[in-house]
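Asks: Got a structure for you, written out below as structure tokens; questions coming shortly.
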Amino acid sequence: MRVLHVCSELFPLLKTGGLADVTGALPGALARQGADVRVLLPGFPAIRAGLPEEGEVAQVDTPFGPARLVYSHLADSGAGVYVIDAPHFYDRPGNPYQDDAQQPYGDNHLRFALLGWIAAELASGLDPFWRPEVVHGHDWHAGLTPAYLAARGRPARSVLTVHNLAYQGVFPPHTYGDLALPWDFFGVEGVEFHGQVSFLKAGLYYADHITTVSPTYAREIATAEQGCGLDGLLRDRAADLSGVLNGVDEAVWSPATDPLIAASYTADKPAGKQKCKQALQEALGLATDSEGPLFAVVSRITEQKGLHLILDTLDEIVARGGQFVLLGSGDPDKESAFVARAAANPQQIAVRIGYDENKSHRVMAGADVIMVPSRFEPCGLTQLYGLKYGALPLVRRVGGLADTVTDVALENLADDTATGFVFTDFTAADLTRAIRRAFALWAKPQTWKAVRRSAMRKDFGWHAAAEDYYSLYQQLLAD
Ligand code: ADP
Ligand code: GLC
């Protein structure tokens, strides 16, 4: 079974969020199921630098100008990778979507139309030695892929995975003429979204199957509340929509083998975790004699993540003797609010603004609690990393967070299923109640350790998701 994944980020080469963790791990996991997987990526500088060109597949004339398709492969899984060499679109430093002023590039519709176009070319035989039977795109960046396939009579089956419905790739109507799609695709039954061009809607409309990254989010996006205006279409397509929970790449995220942390540890031999906590406190200048739990956040700082609720509850954490660490970047106002709180109380609060992969491992290993109070969360990976590293997740009951964390309610403690703290209302008051439950559990060290052991023993390896995707591809190919 030949499967082409189409995406714009891939760990460890280029990452702005969880999407890269998924596209970095899934090809290898699918290969272990027996699929013949390749990946198609735009030739951003970090991608080209990390994937040395091994050969040229083709020179292509496209409606968006000439491009070269080159071939390489991933170091870990050995999966083949096609990289689109189109310097006029992709050879720009920094973030793949925005310029230095955080403005989307003015030609994003063309940059990502090219990605979808080349995917459709590959499905039509651009590489005479390898032609995908299934083309699996990720997020709006790959949204036009199913539309181009539909315009060519569907030479391959198509899947679109929604990692985040809030990012839609919407462009003004005049851009439609640049996309080389049939005119009759520009309608409510097609690419149009309230008079605009929507890459995500194109994907949702034309894909043979839609997946999203957790079962609960798959249900939520079919409601008006969380459907971002696309819930009607998603309800129409309910028979072709499913949720497949993301996994954890255990080669990257495992406290037993992680070379980035101060000491290794496991569920059964957790002693090293205390060393990791102390190393983190020292590195961040926090008091090392603190007896309280250390709460942490590793996150993009955006509206989605609900971090203003944490600002409102920091005093509670500190007053009860806890410490707090934030590693994140995003909204400048919230960044400075967190920085000010750390400056006022440097023994108990540490804030590091920026994106730092290595530090993120040390925070997970050193933290007792990882907080994810999101407004919405398609899957969420940091709570999964928290489970593995024995940093009990404190999360809102939404999306993938609801699917992966079990609250320390008495009945769950009784059956040894509790793994964290779950609150429901998107309010500081409800978050505070969860924080208080964390302190109540901390006061019972034996119970805390038992919950931590259950958390660390949870299996969120990629094999389960890979099996689900594999059988989905089989079904699509049998239809
Ligand atoms: P999202 O994709 O919505 O940002 P996820 O929880 O799925 O949320 O994935 C976030 C990924 O980005 C995780 O791998 C997390 O560790 C990482 N991450 C987020 N912020 C930072 C940061 N400031 N430094 C390092 N890694 C970060
Ligand atoms: C998105 C979502 C996040 C999810 C990630 C990977 O960025 O916000 O919840 O875990 O994609 O699927």
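Asks: Arrange the following residues from fewest to most other Cβ atoms within 10 Å of their Cβ: T404, T175.
Replies: Listed from fewest to most nearby Cβ atoms, that is T175, T404.
Asks: Sorted from largest down, give the three principal axis spans of the alpha carbons of the stretch 230-361, whole angstrom values.
Replies: 57, 38, 26
Asks: So for the chain: antiparallel DSSP bridges make up what percent, rounded to the nearest 5?
Replies: Once the DSSP bridges in the chain are tallied, antiparallel ones form about 30 percent.
Asks: Using just the helices of the chain, give the 222 nm mean residue ellipticity in deg cm²/dmol: DSSP H runs with n ≥ 4 each add -39,500 (n - 2.57), and the total is spread over all residues, rounded to 500.
Replies: -11000 deg cm²/dmol
Asks: With a cut-off of at most 15 other beta carbons within 10 Å, and DSSP calling the residue loop, which GluC sites (Glu not before Pro) in the stretch 27-115 qualify? Please list them.
Replies: E53, E54
Asks: What list do you get for I261, I353 if you sort them by fewest beta carbons within 10 Å?
Replies: With the fewest neighbours first, I261, I353 line up as I353, I261.
Asks: Above 32 Å lies some portion of the pair distances; for the chain, what is it as a whole percent of all C-alpha pairs?
Replies: Summing the P(r) tail past 32 Å for the chain gives 41 percent.
Asks: Roughly how many debye, to the nearest 20, is the charge dipole of the chain about its Cα centre, given +1 on each Lys and Arg Cβ, -1 on each Asp and Glu Cβ, and no other charges?
Replies: The calculated dipole for the chain is roughly 1260 debye.
Asks: Also: For a quick check: sort K334, K201, K269 by the number of other beta carbons within 10 angstrom, fewest at the front.
Replies: In order of increasing Cβ crowding within 10 Å: K269, K334, K201.
Asks: Counting only pairs 8 or more residues apart or on different chains, how many lysine pairs in the stretch 271-457 have their Cα atoms under 22 Å apart?
Replies: 19
Asks: Among S374, P104, G177, which residue has its Cα furthest toward the positive end of the charge dipole of the chain, with +1 on Lys/Arg Cβ and -1 on Asp/Glu Cβ?
Replies: Of the listed residues, the answer is S374.
Asks: Hey, rough spin-label estimate for A478 and A263, points 7 angstrom out along Cα→Cβ, what's it come to in nanometres?
Replies: 5.2 nm
Asks: Moving on to the next point. If one puts a single equal scatterer on every Cα of the stretch 271-457 and applies the Debye formula without solvent, what log₁₀ I(q)/I(0) results at q = 0.11, 0.12, 0.16, 0.17 Å⁻¹?
Replies: With one equal scatterer per Cα and no solvent, log10 I(q)/I(0) is -0.41, -0.49, -0.92, -1.06.
Every number in this text was worked out from the coordinates using simple rules, so none of it is lab data. Quantities reported herein were computed from a predicted structural model and do not represent experimental measurements. Note that we place each Cβ from the backbone using ideal geometry, even for glycine, and neighbour counts take in every protein chain shown.
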